[in-house]
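The values are calculated or read from the model by the stated rules, or taken from the named source; none is laboratory data. These numbers come from a predicted model, not from an experiment. Methodologically, a virtual Cβ is constructed for each residue, glycine included, from the backbone with ideal geometry; neighbour enumeration extends over all protein chains shown. Just so you know, the surface numbers come from the protein's heavy atoms only, side chains and all, with ligands and any DNA or RNA stripped out. Shrake-Rupley method; radii C 1.70, N 1.55, O 1.52, S 1.80 Å.
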Amino acid sequence: MSAEDIIARVGDGVASFAGEQWDRCAGTDNPFLSHAFLSALEESGSATAQTGWQSVPVAIDADDGTLAGVMPAYVKSHSQGEYVFDHAWANAYTRVGRHYYPKLQIAVPFTPVPGRRLLSRDPRLAPQLIAAAETIVQQNHLSSAHATFIAEEEVPLFEAAGWLIRIDTQFHWHNEGFASFEDFLATLASRKRKAIRKERASAVEGLDVIWVSGADIKERHWDAFWRFYQDTGSRKWGRPYLSRRFFSLLGERMADRVMLIFAMRGGVPIAGALNLIGSDTLYGRYWGTTADVPHLHFEICYYQAIDVAIERGLKRVEAGAQGGHKLARGYRPVPTYSAHYLPDPRFREAVADFLAAERNAVVEEIGALAEMTPFKKG
């Protein structure tokens, strides 16, 4: 297939594609890119045109008619659920009499997890997927296109196409071949070790912690987690992004890649966290509680996640967006990346100036944070 022969098409949602063909392009490393996860968002009513996420995946077919490359993309009517904040850009665009929405979002909805966005069996198709996104913007008079939480190796591809690159920070835990949590603690300064041991002990006093995965996950577990998710969602976003049905679909289609962690009091769950399991990474996503227990959030979301990663031999824990409090708990600062296509030349110039200044500040902050980690020095 030569570049001149390549024709990209827009699909009617991820669910319109054969799951096996989609996953051949996406691979198996990152569960959020799987057909099962993305189609569950659509079929549950969580990511739809009605919620401001119209699914328009971009696809390139091979000569035999099978899927050769694909890109999860959405026409957005707002900027909620993205975790890369462009509200100031939207306001500036509106002030000069232009419409920022709709825009094109290349992303996994509601999921600040880095990963590939140019999914292909042939890496040479990546530039064509980028070009297709630009064409969609131009032909449909959209303001812009935004590829968020892209894999680091995709940054040069977007840069070569002239997209603007934005950098942000997350905190990830790295497994250095630890055999136990105590092995990990041994890498920390003495004062930090004592603080974490004390924090863990106080968090679970009078409680039991259980892990539930695979076929052991029942609807009662999702019912419990839904209560926690609703409470957190209503406080953070006004209303939860995900529907109750989404979690049932997750259990039906991806149970082996789900790890639920519950804190139990007298056999009743009072807090819980949802994690997804990748090939080498545990991804922490949502958490909630119906009780006010000091440090329980840190225990269920961060320390238990480390325990899971060590037991399963995973290389990393990615515990979601933001959260400088993770630093003191052994999570290191790492850069994340997004790419932005802004066809209006004046708007692009203004955003480029902003991103240059922001990028310098973020790089300096990552360096400063790295010096503040609790690990032994020298």
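Observations
- Computed lengthening from N140 to V268, 0.36 nm per intervening residue step minus Cα-Cα distance: 40.9 nm
- Three principal axis extents of segment 194-236 based on alpha-carbon atoms, in descending order, are 38, 30, 17 Å.
- Under 14 Å from a label point set 7 Å out along the Cα-to-Cβ vector of A92, the amide N atoms of segment 351-374 belong to 351-359.
- When the Cα convex hull of segment 25-91 is projected onto planes of every orientation, the mean area is 5.8 nm².
- Surface exposure of segment 1-75, expressed per residue as accessible area with a 1.4 Å probe, stands at 40 Å².
- Per residue, the convex hull spanned by the Cα atoms of segment 236-378 measures out at 193 cubic angstrom.
- Length added when fully stretched, D216-R9, from 0.36 nm per residue minus Cα-Cα: 70.5 nm
- Backbone amide hydrogens, once placed in the peptide plane, bring T187 within less than 5 Å of nothing, excluding anything fewer than 5 places away on its chain.
- Using a cut-off of 30 Å between Cα atoms, the listed pairs K315/K377; K192/K218; K315/K376; K76/K315; K103/K315; K103/K326 include K192/K218; K76/K315; K103/K315; K103/K326 as exceeding that distance.
- Whether segment 175-252 is rounded, prolate or oblate, judged on the alpha carbon gyration tensor where a/c under 1.5 counts as rounded: prolate
- Kirkwood-type hydrodynamic radius, segment 94-172: 13.8 Å, calculated from all non-identical alpha-carbon pairs.
- Dividing the summed -39500 (n - 2.57) terms of all DSSP H runs of n ≥ 4 by the residue count of the chain sets its mean residue ellipticity at 222 nm at -10500 deg cm²/dmol.
- The mean accessible area for residues of segment 126-201, using a 1.4 Å probe and ignoring ligands and nucleic acids, is 45 Å² per residue.
- Stokes-Einstein translational diffusion, the chain - Kirkwood Rh over all Cα pairs, 1.567 mPa s, 4 °C, in µm²/s: 59 µm²/s
- Sulfur and carbon atoms: percent of accessible area, segment 69-113 [1.4 Å]: 59 percent
- Distance histogram for segment 27-153 (every C-alpha pair counted, 10 angstrom bins, percent rounded to whole numbers): 12, 43, 35, 9, 1
- For segment 218-324, the fraction of 1.4 Å probe accessible surface lying on carbon and sulfur atoms is 47 percent.
- Segment 141-194: radius of gyration over Cα atoms, expressed as a fraction of 2.2 N^0.38 Å: 1.93
- The amide H of A8, built 1.01 Å from its N in the peptide plane, has no neighbour under 5 Å, considering only residues 5 or more places off or on other chains.
- Candidate aspartates and glutamates - alpha carbon under 20 Å from K198, same-chain residues fewer than 8 apart omitted: E182, D183, D208, D292, E299, D307
- Other residues whose C-beta falls under 11 angstrom from the C-beta of E252 contribute a net charge of 0, scoring Lys and Arg +1 and Asp and Glu -1.
- Taking a ≥ b ≥ c as the square roots of the eigenvalues of the Cα gyration tensor, an a/c ratio of 1.5 or more together with a/b larger than b/c marks segment 304-354 as prolate.
- Relative pair counts by distance (%), Cα atoms of segment 320-378, 5 Å bins: 4, 15, 21, 18, 13, 11, 9, 6, 3, 1
- Ordering of 79-85, 211-217, 167-173 by packing [mean C-beta count within 10 Å, highest first]: 167-173, 79-85, 211-217
- A convex hull fitted around the alpha carbon atoms of segment 64-223 yields 253 Å³ per residue.
- Distance from segment 111-178 to segment 1-72 (C-alpha centre basis), Å: 15 Å
- For segment 270-282, 3J(HN,Hα) per residue [Karplus equation, 6.51 cos²θ - 1.76 cosθ + 1.60, θ = phi - 60°, Hz, x = Gly/Pro]: 10, 7, x, 9, 9, 10, 10, 10, x, 5, 9, 9, 9
- The convex hull built on the alpha-carbon positions of segment 187-320 has an orientation-averaged projected area of 8.5 nm².
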